[in-house]
Amino acid sequence: MGEQRYFQQGEIVGVLPAGALDRVLDYKAPEGGCRLGAFVEVPLGPRKIVGVVWKEGAGTWDPAKVRSIKRVLEATPMQPNMRSFLTRAAEYTLTPMSAMLRLATRAPGLGDTPAMRKIYRLGANVPDRLTPTRERVLQVLKDYPSLSFSLKEVADMAGVTPSVVKGLAKMGAVVEADAPRDTAYPKLDPSYAGKTLSPDQDAGARQLRSAVAAGRYGTTLLKGVTGSGKTEVYLEAVAECLAQGRQALVLLPEIALTSEFLTRVEARFGARPAEWHSGVTMAERRRAWKMVGEGGAQLVVGARSALFLPFQNLGLIVVDEEHDTSYKQEDGVLYNARDMAVLRASISAAHVVLATATPSLESWVNAEQGKYAKLELKSRFGPAVMPQMRAVDMRDQDLPSDRWISPALADAVRSRIEKSEQSLLFINRRGYAPITLCRACGHQIGCDDCDARMVEHRFLKRLVCHQCGETKPMPAVCPSCEAEDKLAPVGPGVERLTEEAEALFEGARVVTLSSDHFGSARAMKEQIESIAAGDADVIIGTQLVAKGHNFPKLTLVGVIDADLGLQGSDLRAAERTFQLMRQVAGRAGRAEVAGTALLQTYQPDHPVIRSILSGDEDGFWAAEAAEREAAGVPPYGRMAGIILSSENVQEVFDLGAAMARNDGPLRQVGATVYGPAPAPIARIRGRHRVRMLVKADKSVPLQAALSRWTAQFKIPNSVRLAIDIDPQSF
Ligand code: ADP
Ligand code: ZN
């Protein structure tokens, strides 16, 4: 670390503006000077923009015309290794530098002066009659009684202009006070309450401790079935990191998992760490960002965006459930947090732990090839054993076409209910039914703006587009032929399955666990806690339940449609199904009672289904790896998806075709372009999308070739071009 270069007032420096022009621009250091890496506010045209002092000024401008930095923001200057990380990440993902920097300046209130930061609370003098806008402000303050916000935050949350809040303050309905300074997080004690580890765990913990203590970059793949005690083992790596006085980051794939995890951290280290994800209040996020930068936060638990926090001395990154597809950011800057964690660690001399029950093929191959160290916990911790996996051959089950719980599965559920054990019925489909069909004309209700069906959600009492989020009421008549009473649900969703289960298991407590059913993270947490406490007999859940929750009374998992993920031509379909099925099955039998997983399938002889049932993981991965190698696709080859989108379908096809024809820079390096073809979802939010896939050998510097190739074309303003390195589906 050490001090960074200091520029005297008036010296020319190069500032990279965040999220604006993609260039380092010359400015004069302000009064008091500034350091290299300082977060600053600069004038850009008529605007004021946050940026970072990136390097010395280029001096290409007439010094008399160079504008001055407005002010240096109250934040620890960015470390050189963070600047390298952002630069390398931008190069890898082919993202403009300023867009990359934007990810590292997402601190609420970063541009505020201390004087701008006030807190607002409900006052005593609230008039009886209020305008609706004023009403909304007061409601926000009532909803969050113990929190403090800035004026802008209160206004944003209430959806009003700041003047409304000021007006209320003037009449005494809202009280304004100086905001307290952000404080450091309580110290975590690495030796507060370590568990006695099993011999397996202990060996693993030693390996990780010494990897962290080495103070160099390295990655360990920590593999072990659900419940094998991986978390306990990597918490030892965190302990070592804290003992070394370095900072640690634990990434989780799902916000709903954080609160359970924080409780465990508190039990282990005696205090709660910093939290960073979209469910945290702005005030807390501001504190976390600042304290990470000042060293007042030793451990952060967060979502993928936590990788861009200003760690000063990062010693360890844990990526829990590393295979999880939600680590891939599919909006804006397209990056995979698992890969970026490895990149950040390699620049910061930190260690990475990738924890999972079912590794991604990429990580499995890296471990096989010796690029990653391997660590495996072979059995479940304590008495629990892996569930028995069995197929229910649906061809033998006598089921009407609008029922999905087979007699075999129903019997198994009933026997659990009798023993006061819990069952989980898993279906990876939100809503009531995936299709709403007119039985008179065959019309299926679709989204107006997307190439997607509208999904009926009875809980929300709306039709919902899962692509763009648009909702509309269920029409009374068919929108196409206007027939009455002919619209019918087709296929099962989690809500419809709940209905079926309620009818089938009379008197049982049936609960639905799906993200749509919770207004807030807290509501979801309460539901999960009440299930864990035993207040449910049958749980009907979507993907949400597949991820790390601990339900000790759960002994049966029924997968309603094990074939669902195997459809389509996606090369990753097998991998995903394998991971998901094992993950879901792993929910069963965590405590003393052995669990059972029943997979309803119409193709019990499908190779993927067979390897799920047999549990022959290494065999499955080896076969998958061989297939990918033969096809020359990741992780054996390089691949990028290029998506062009526009409101005009002809325009994107024409541009795509022109790009595919003029592929000189790609051919030069031996890369091939396929397409253009309609993207997997051909229209989203009214924009038509075409996709090209570019494939190359592992040794090809693909990013550079892609840049040269795309630079040949003038992309009209009406077209958006997005490059997706290592696309999730191909
Ligand atoms: P995983 O992360 O592999 O799913 P966990 O670390 O969550 O496994 O462990 C599963 C359960 O076993 C947890 O409830 C955990 O507290 C408990 N457990 C694991 N290791 C130990 C240990 N050494 N001593 C006591 N309890 C343990
Ligand atoms: Zn839509």
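Annotations for the structure displayed:
- Conditions (1) in contact (Cβ under 8 Å) with a residue 40 or more places away in the chain; (2) assigned by the TED database to the domain that holds Ala349; (3) loosely packed, with under 14 Cβ neighbours inside 10 Å: number failed by Leu222: (3)
- Any hit, the stretch 420-427, residues being in contact (Cβ under 8 Å) with a residue 60 or more places away in the chain, among the aliphatic types (A, V, I, L, M), assigned to a loop (DSSP other than H, G, I, E, B) and within 16 Å of ligand 2 (Cβ to nearest atom): no
- Checklist (1) surrounded by fewer than 17 Cβ atoms within 10 Å (Cβ to Cβ); (2) more than 23 Å from Leu103 (Cβ to Cβ) applied to Asp331, failing item: (2)
- Scanning the stretch 676-729 for residues that are under 11 Å from Ser645 (Cα atoms) and charged (D, E, K, R) gives Arg683, Arg685, Arg687, Arg689, Arg691, Arg720.
- Some residue of the stretch 316-333 being within 20 Å of Val365 (Cα to Cα), of a type in the set (Lys, Arg) and at pLDDT below 95: yes
- Of all the residues in the stretch 302-327, those that are β-branched (Val, Ile, Thr) and under 10 Å from the mean Cα position of the chain (by Cα) number 1.
- When residues in the stretch 58-83 are screened for being at pLDDT 90 or above and in a loop (DSSP other than H, G, I, E, B), 10 of them pass.
- Among the residues of the stretch 229-252, those identified as within 13 Å of ligand 1 (Cβ to nearest atom) and over 19 Å from Tyr217 (Cβ atoms) are Gly229, Lys230, Thr231, Glu232, Val233, Leu235, Glu236, Leu252.
- Selection status of Asp535, part of a loop (DSSP other than H, G, I, E, B), out of contact with any Cys (no Cβ under 6 Å at 6 or more places or on another chain) and in the same structural domain as Ser420 (by the TED database): yes
Condition check ((1) buried (at least 21 other Cβ atoms within 10 Å of the Cβ); (2) in contact (Cβ under 8 Å) with a residue 12 or more places away in the chain; (3) closer than 30 Å to Ser346 by Cα; (4) assigned by the TED database to the domain that holds Met282) across all residues:
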{"site": "Leu36", "(1), (2), (3), (4)": "no, yes, yes, no"}
{"site": "Leu44", "(1), (2), (3), (4)": "no, yes, no, no"}
{"site": "Thr60", "(1), (2), (3), (4)": "no, yes, no, no"}
{"site": "Glu74", "(1), (2), (3), (4)": "no, yes, yes, no"}
{"site": "Pro77", "(1), (2), (3), (4)": "yes, yes, yes, no"}
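- A search for C-beta distances below 9 Å between a residue of the stretch 183-198 that is more than 17 Å from Leu377 (Cβ to Cβ) and of a type in the set (Gly, Ala, Ser) and any residue that is part of a loop (DSSP other than H, G, I, E, B) and more than 16 Å from ligand 1 (Cβ to nearest atom), counting only pairs 6+ apart in sequence or on different chains, returns Ala184/Gly295; Ala184/Gly296; Ala184/Ala297; Ala193/Gly270.
- Exclusive hit being surrounded by fewer than 23 Cβ atoms within 10 Å (Cβ to Cβ), away from ligand 2 (no atom under 16 Å from the Cβ), assigned by the TED database to the domain that holds Ala214 and within 29 Å of Ala594 (Cα to Cα), set Leu252, Leu257: Leu257
- For the criterion of being in the same structural domain as Gly315 (by the TED database) and either over 22 Å from Ser614 (Cα atoms) or modelled with pLDDT of 95 or more (or both), Val352 passes.
- When Ile681, Ile715 are checked against the criterion of being within 27 Å of the chain's Cα centre (by Cα) and more than 16 Å from ligand 1 (Cβ to nearest atom), Ile681 stands alone in meeting it.
- Among the residues of the stretch 197-227, those identified as within 26 Å of Leu554 (Cβ to Cβ) and polar (S, T, N, Q) are Ser198, Gln201, Thr226.
- Within the stretch 84-100, considering residues that are aliphatic (A, V, I, L, M) and part of a helix (DSSP H, G or I), the one surrounded by the fewest Cβ atoms within 10 Å (Cβ to Cβ): Ala99
- Among residues of the stretch 447-506, those that are on the phi > 0 side of the Ramachandran plot and either surrounded by 15 or more Cβ atoms within 10 Å (Cβ to Cβ) or within 16 Å of ligand 2 (Cβ to nearest atom) (or both), counted: 2
- Verdict on Ala205 being more than 15 Å from ligand 1 (Cβ to nearest atom), in contact with a Leu (Cβ under 9 Å, 6 or more places away or on another chain) and either under 30 Å from Ala533 (Cβ atoms) or without any contact (Cβ under 8 Å) to a residue 40 or more places away in the chain (or both): no
- Screening the candidates Gly619, Gly632, Gly664 for the property of being loosely packed, with under 15 Cβ neighbours inside 10 Å and outside the structural domain of Thr710 (by the TED database) yields one hit, Gly619.
- Restricting the stretch 334-362 to residues that are within 16 Å of ligand 1 (Cβ to nearest atom) and outside any strand (DSSP E or B), the residue that is surrounded by the fewest Cβ atoms within 10 Å (Cβ to Cβ): Ala357
- Cβ pairs under 6 Å, 6+ apart, first in the stretch 438-460 and in contact (Cβ under 8 Å) with a residue 60 or more places away in the chain and within 24 Å of Glu647 (Cβ to Cβ), second within 16 Å of ligand 2 (Cβ to nearest atom) and assigned to a loop (DSSP other than H, G, I, E, B): Asp449/Cys468; Asp449/Arg685; Asp449/Gly686; Cys450/Gln467; Cys450/Cys468; Ala452/Gln467
- Residue check, Val413 closer than 18 Å to Arg587 by Cα, away from ligand 1 (no atom under 16 Å from the Cβ), touching a Ser or Thr at 6+ places or on another chain (Cβ under 9 Å) and in the same structural domain as Ser611 (by the TED database): yes
- Test: residue in the stretch 522-534 that is surrounded by 18 or more Cβ atoms within 10 Å (Cβ to Cβ), free of Cβ contacts under 8 Å to residues at least 24 places away in the same chain and more than 16 Å from ligand 2 (Cβ to nearest atom): yes
- On inspection, Leu580 fails the criterion of being assigned by the TED database to the domain that holds Asp697, hydrophobic (A, V, I, L, M, F, W, C), within 29 Å of the chain's Cα centre (by Cα) and buried (at least 20 other Cβ atoms within 10 Å of the Cβ).
- Among the candidates Leu101, Leu110, residue that is over 30 Å from Leu235 (Cβ atoms), modelled with pLDDT of 95 or more and within 27 Å of the chain's Cα centre (by Cα): Leu101
The values are calculated or read from the model by the stated rules, or taken from the named source; none is laboratory data. All of these numbers come straight from a predicted model, not from anything done at the bench. Here Cβ is always computed from backbone atoms with ideal geometry, including for glycine, and neighbour counts include all displayed protein chains.
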